[in-house]
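The values are calculated or read from the model by the stated rules, or taken from the named source; none is laboratory data. Because the structure is a prediction, the values reported are computed rather than measured. In this analysis, Cβ positions are derived from the backbone assuming ideal geometry, glycine residues included, and neighbour counts consider all displayed protein chains.
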Amino acid sequence: LAIAGAGRDKRRRDQALLRLRGATVDAVLRLAAAEAVVAGVGGAILGILLAALAANFILGVSLLRSAAVPLLGTVAVAGIALSLAAILIPAWRDARSLSIAGARRPIGNDRAPLWARFYLDLVLLALAAALYWRSAASGYQVVLAPEGVAATAVDYTAFLAPVLLW
């Protein structure tokens, strides 16, 4: 669903270009359905193969046996249905409601998010590095439950470096 949503803007512009060149709404929807089926079948096959490999290596269980075929078939059909819903419904809605000029306009805001404009990610990474360097230089070690000590002293700034890094 996330991958289908990420390509919505490009798909909408392509649909507008097809309509500008004379394609009917039905033809555009058939192309969108074909794209959704290809994406759904490819995703289902790739997902089942990755799940079978993970089940084999992690659990030691063979997922591709005859008892699991109905479950795998149901999962594949659900994946294809989700792909159809994620691609075909927005294409149908755009084809029915938008003009060609309206479909060529970009979706959403073209500006970068606020955190990206202020480089908040880089500031937090730099703060994490500085706090880690400060606590490592002082020789402080985080000990949460020392044995035999009735009272503890915790430097809470030692916890800030991992939080800021995260």
Helices (runs of 4 or more DSSP H) fully within segment 1-64 counting 1 or more residues that are among the charged types (D, E, K, R) and free of Cβ contacts under 8 Å to residues at least 12 places away in the same chain: 8-20, 25-54
Checking Pro90 against (1) of a type outside the set (Asp, Glu); (2) over 18 Å from the mean Cα position of the chain (by Cα); (3) surrounded by fewer than 17 Cβ atoms within 10 Å (Cβ to Cβ), which test does it fail? (3)
Right, Ser83: of a type outside the set (Val, Ile, Thr), without any contact (Cβ under 8 Å) to a residue 24 or more places away in the chain and touching a helix residue (DSSP H, G or I) at 6+ places or on another chain (Cβ under 9 Å) or not? no
Please work out if Leu71 is within 20 Å of Leu88 (Cα to Cα) and modelled with pLDDT under 90. no
Here the residues within segment 19-33 that are among the hydrophobic types (A, V, I, L, M, F, W, C), surrounded by fewer than 18 Cβ atoms within 10 Å (Cβ to Cβ) and farther than 14 Å from Ala4 by Cβ are Leu20, Ala23, Val25, Ala27, Leu29, Leu31
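Hey, can you tell me all the residues within segment 6-54 that are within 15 Å of Gly79 (Cα to Cα) and small (Gly, Ala, Ser)? Walk me through it before giving the result.
Filtering segment 6-54 for residues within 15 Å of Gly79 (Cα to Cα) gives 33-51.
Hits for segment 6-54 are Ala33, Ala34, Ala36, Ala39, Gly40, Gly42, Gly43, Ala44, Gly47, Ala51.
Here are some residues: Asp110, Asp121. Which one is among the acidic types (Asp, Glu), modelled with pLDDT of 85 or more and outside the structural domain of Asp14 (by TED's automatic domain parsing)?
Values: Asp110 fails: modelled with pLDDT of 85 or more.
Going through Asp110, Asp121 in turn, the sole match is Asp121.
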